[in-house]
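Any read-out appearing in this document is the output of simple, stated calculations on the displayed coordinates, not a laboratory observation. Given the structure is predicted, the values throughout are model-derived calculations rather than measurements. As a convention, Cβ positions derive from the backbone with ideal geometry for all residues, glycine included, and neighbour counts pool all protein chains shown.
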Amino acid sequence: MSDRIPRWALAEDGDGRWHATPLDDPTGGRRLTTTDPAEAIRAAPTGTRWVWRSTQAVYPRLLAAGTRVERCHDIEDAELLLLAHEGRLGEPRSAAAAWARLTNAPVPPDPPQRAAEPGSQHSLFDPQPAPVPLDALVAVHADQVKRQGATAHPDRMRLLVASESAAFLVAAEMNRAGLPWRADVHRALLTELLGERYAGRGQPRRLAELADEVSAAFGRRVRPELAADVIKAFAEAGIKLKSTRRWEIQELEHPAVEPLIAFKKLYRIYTAHGWSWLADWVHDGRFRPEFIPGGTYTGRWVTNGGGALQIPKVIRRAVVADPGWRLVVADADQMEPRVLAAISRDPAFMEVAGRPEDLYTSISRQGFSGDRDMAKIAVLGAVYGQTSGDGLKNLAALRRRFPRAVAYVDDAAKAGEEGRLVRTWLGRTCPPPTDPEDAEELPDGYVPSYASTDARARGRFTRNFVVQGSAADWALLLLAALRRSLAEAGMRAELVFFQHDEVIVHCPEEEAPAVVAAIRAAGDLAGRITFGETPVRFPFTTAVVECYADAK
DNA sequence: GACAGACGCGCC
DNA sequence: AAAGGGCGCGTCTGTC
């Protein structure tokens, strides 16, 4: 091990017993067996890195017993990261599978994932996979350490594994804490927006009224929640639609447009965050989704249950701190372009990303021919692979001003189009193309149009992957640094929410200034640890509020 | 009745 | 400004 931090392995055996051992002396006298995993934690030195099969399987039980750990190495997460790096994504990633590969035994498939049910606490694997003996866990860990050393950038891969393991600790703690949620405020809001619910069944009053207005505009009964019905109604009125998406409808000259758009907006609230959502997901003043780090290919987190990463802005009114407490809401400013500056090492881009001001404003003032909005469109177009429109003109200006930054994402796109893999800064690797042989087996010079379309889509994916994914790398380090500093300061503050570039900490009012400072420090520390010493800064917009809706 | 896929839209 | 990247999840529709 390159670090001096002690490592212990901890495994559950299926008979309710736990086995633990220090990795520097796995068969020695400090090996222990217990029915209480917290006892094993207490037996090891403070700060030990716990090597276990799955943080999601083990850590909630430790937290329930009031036991916290500082560090871990999540075998099944590490396996997934290593398999992806080795171009073997799709092979089973369970600890049992990794052990089987080591011993040339038949490799068991991963158990299927189960969706979260309202109110259920944890739900990663169902049923639980067969237990992996402690010695097998020790052997798999040793193999993973070896494989980390064989990656393109071993130090970065070690950092990725450690920081995503830390993220699983953060996630388990956030799952336990829950997001403060005032059901009474939410209910009042629903009534204000949607109107009263009629006794029995049927849509609430305001929705029913808007549906009536839509029907009146068409001169017949139309159910606005049915896309097929809406398309038919417009066709009868002589308007051909490909879809009923808002941006396609809102340009139309028709009396149904206004009530229809209003209906769609409220219908969404009603179905996705209405009364039944509230009954399903909010209990005892907390909304408890299940946060899952690394749930996407790019490394962004997902949540399981309750749509926690899609809480509509209006509904945030219901997120209210406990009495005497505050929410510290912190948003990383222009995270993705700053990350692009750091990973591309474009000198001019790093220079503007090191200024303590809005990044897009800086760009627009630095020889870029356009205003802030044009600069923003150009940057986002470069990161997303925009194919048409004004963004392309602005992109040309961006390329002249920041050639290395644009070349970085262009190279990633080219790699994708050619069927190669790309990686984030810390080494998270994109999935292989679905059908890599196709391109090679085609006759020379013959490229069917669908194939080139697929290749371009793949190019847009890999172009975005390197930026979105490297931003997710940085966010892992941010969370790990913040978790650590809140704990070391002995604060009661708790991380309660994380959404790509935004964190919410729930804390006693008097701790709020220290929390704000801790977040700012963690952002810049994460930048240095992730990307090395660069001029790039990672500032935050912060707000100390009682209600989430009052932030920005 | 279960399930898969399309659609649509919320968030970043 | 245009409709490009990543998701989850609700409804509806078609299929078994």
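For the range A:336-469, count all C-alpha to C-alpha pairs, find those more than 27 Å apart, and express that count as a whole percent of the total. Value for the range A:336-469: 25 percent of Cα pairs lie more than 27 Å apart.
When each of the peptides A:226-238, A:147-159 is scored by how many other beta carbons lie within 10 Å of its residues on average, the order from highest to lowest is A:147-159, A:226-238. Restricting to Cα pairs below 8 Å that are 6+ residues apart, what does the relative contact order work out to for the range A:184-279? Please round to a whole percent. Rounded, it is 27 percent for the range A:184-279.
Could you tally the net charge around A:Thr21, taking each other residue with its Cβ under 11 Å from the Cβ of A:Thr21, Lys/Arg +1 and Asp/Glu -1? Don't skip to the answer; put the middle values down first.
Working: positive: A:Arg7, A:Arg30, A:Arg31; negative: A:Asp24, A:Asp25, A:Asp135.
Local charge sum for A:Thr21: 0.
Distance distribution P(r), chain A, all Cα-Cα pairs, bin width 10 angstrom from 0: 3, 15, 22, 25, 21, 10, 3, 0, 0 percent.
For A:Trp325, the residues 5 or more places off, or on other chains, whose built amide H falls under 5 Å of its own are A:Glu509. Spherically averaged projected area of the convex hull of Cα atoms, the range A:184-279: 6.5 nm².
Give me the one-decimal Kirkwood hydrodynamic radius in Å for the range A:7-178, with the sum taken over alpha-carbon pairs. Walk me through the intermediate numbers first.
Details: mean 1/r = 0.0606 Å⁻¹.
Value: 16.5 Å, from the Cα pair sum.
The residue list A:Pro433, A:Leu398, A:Ala348 was ranked by how far each Cα lies along the charge dipole of the range A:336-469 toward its positive end, using unit charges on Cβ atoms, and A:Ala348 comes out on top. Note on chain A: Lys pairs 8 or more places apart or on different chains, Cα atoms under 30 Å apart, count 23. Computed from the C-beta positions of A:Asp373 and A:His500, the FRET efficiency with R₀ = 35 Å rounds to 0.95.
Diffusion coefficient of the range A:168-231 by Stokes-Einstein, Kirkwood radius over Cα pairs, 37 °C, 0.692 mPa s: 220 µm²/s. Restricting the GluC sites (Glu not before Pro) of the range A:461-552 to loop positions (DSSP other than H, G, I, E, B) with no more than 11 neighbouring Cβ atoms within 10 Å leaves A:Glu533. Ranked by the mean number of other Cβ atoms within 10 Å per residue, highest first, peptides A:171-178, A:362-369 order as A:171-178, A:362-369.
Averaging sequence separations of C-alpha pairs under 8 Å and six or more residues apart, then dividing by the length of chain A, give the relative contact order as a whole percent.
Values: 894 pairs, mean separation 85.0, N = 552.
For chain A, the relative contact order is 15 percent.
Put the Cα centre of the range A:473-552 next to the Cα centre of the range A:367-390 and the gap is 29 Å.
Rounded to whole numbers, the Karplus 3J(HN,Hα) couplings from phi for the range A:313-320 are 3, 5, 6, 5, 4, 7, 8, 10 Hz, using 6.51 cos²θ - 1.76 cosθ + 1.60 with θ = phi - 60°, and x at Gly and Pro. Which residue, A:His273, A:Leu210, A:Ala237, has the largest displacement toward the positive end of the dipole of the range A:184-279 when charges sit on each Cβ (Lys, Arg +1; Asp, Glu -1)? Going by the Cα projections, it comes out as A:His273.
Dividing the convex hull volume of the alpha carbon atoms of the range A:510-552 by its residue count gives 74 Å³ per residue.
For a test of the definition: using alpha carbon positions, the gyration tensor, and the 1.5 limit on a/c, classify the range A:57-108 as rounded, prolate or oblate.
On the way: a/c = 3.31, a/b = 2.05, b/c = 1.61.
It comes out prolate by the Cα gyration axes.
Modelled this way, with points 7 Å down the Cα-to-C-beta line, the labels at A:Arg399 and A:Glu248 are 3.2 nm from one another. Shape verdict for the range A:266-321, please, from the Cα gyration tensor: rounded (a/c under 1.5), prolate (a/b greater than b/c) or oblate. Prolate, because a/c is 1.5 or more and a/b exceeds b/c.
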